[in-house]
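Data block below; observations after.
The values are calculated or read from the model by the stated rules, or taken from the named source; none is laboratory data. Bear in mind that the values here come from a model prediction, so they are computed numbers and not experimental data. Every residue, glycine among them, receives a Cβ derived from its backbone with ideal geometry; neighbour counts consider all protein chains shown.
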Amino acid sequence: MADVGNENLAVENEARTESSPQAEPPRNAIAEWTVTIILLLFGVTTLVQAYVIPTGSMEDTLLIGDHLLVDKLAYAPAGPVSKYLLPYQPIKRGDIIVFRYPVDVTQTYVKRVVGIPGDRIRIENKQLYRNGVRVEEPYVYHKTDYIDSYRDNFPGEPNAPLQAGALEMLEKHVVNGEVVVPPGHYFAMGDNRDSSFDSRYWGFVPRENIIGKPLIVYWSYDAPTEALASSSISLDHLLDLVQNFFTKTRWRRTFLLTRGYSFDK
């Protein structure tokens, strides 16, 4: 009888063991953090990119010291399947674009598209004409009163040294006093029209140079160009941040959405 009792007890213990939930194996925290970091880096490098405005060429739309998140997906080449799933967009007149400077692709610029392939562009006394029609540009600011013979009456005879791309543009792409934007290229200008180093001075923006478009100003800090143009933060700028972070941060611009201007209204 004792043997039968022991046997029944063993069976009950085995049944309890089988019916009890199994303990989960310990998770590998290092592996989880590795995957998280990889996904984060993928998102930062593939989907969005941080960019800071170092000059006033896009004032008053974008200010010196605006820190942007750039949507790198919007203008990416659409794949055979992804074009149905992802919000790809064509580059339109009025879009603000972030692109690699054609003269030096290590530098990144932000301007507004005023001409797409096939457009005829001219400027007369500071006024933009596209395809023979006067263009209303509510985003443009003119901060000088005088007329510059080349800048404000374009295309014209250069009155200052130009980059090779601009010289080629004037030589090969001017028809009847208008610049004709060639296929696969765009004509870009700053909103601070009188103080913008743009396509008038260095030529067209190739399609492959365009990185994306600004999404949002996630932080805006009142700092000079020399503090922002460098690829590394200077000691003076770091001290300025420590001492004046709260007073020089433009809080009203925090999380400000940036949008292009549609001419198809």
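Brief remarks on what is shown
Table: residues versus (1) over 27 Å from Y101 (Cβ atoms); (2) in contact (Cβ under 8 Å) with a residue 12 or more places away in the chain; (3) surrounded by 11 or more Cβ atoms within 10 Å (Cβ to Cβ); (4) not β-branched (V, I, T).
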| site | (1), (2), (3), (4) |
| --- | --- |
| D198 | no, yes, yes, yes |
| S220 | no, yes, yes, yes |
| A223 | no, yes, yes, yes |
| S234 | no, no, yes, yes |
| L239 | yes, no, no, yes |
| T249 | yes, yes, yes, no |
| L257 | no, yes, no, yes |
| Y261 | no, yes, yes, yes |
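- For the range 128-153, residues that are closer than 22 Å to D60 by Cβ, among the aromatic types (F, W, Y) and touching a residue at least 40 places away in the same chain (Cβ under 8 Å) total 2.
- Qualifying positions in the range 200-218 - crowded, with 20+ Cβ neighbours inside 10 Å, touching a strand residue (DSSP E or B) at 6+ places or on another chain (Cβ under 9 Å) and not β-branched (V, I, T): R200, G203, F204, G212, K213, P214
- One residue from F197, F187 being in contact with a Phe, Trp or Tyr (Cβ under 9 Å, 6 or more places away or on another chain) and assigned to a loop (DSSP other than H, G, I, E, B): F197
- Taken over the range 225-260, residues that are modelled with pLDDT under 90 and under 22 Å from S195 (Cβ atoms) amount to 7.
- Residue in the range 90-108 that is surrounded by the fewest Cβ atoms within 10 Å (Cβ to Cβ), counting only those that are touching a residue at least 24 places away in the same chain (Cβ under 8 Å) and more than 21 Å from L257 (Cβ to Cβ): V105
- In the range 219-262, the residues that are of a type in the set (S, T, N, Q), touching a strand residue (DSSP E or B) at 6+ places or on another chain (Cβ under 6 Å) and not in a loop (DSSP other than H, G, I, E, B): S220, T249
- Scanning the range 194-214 for residues that are hydrophobic (A, V, I, L, M, F, W, C) and farther than 15 Å from M58 by Cα gives W202, F204, V205, I210, I211.
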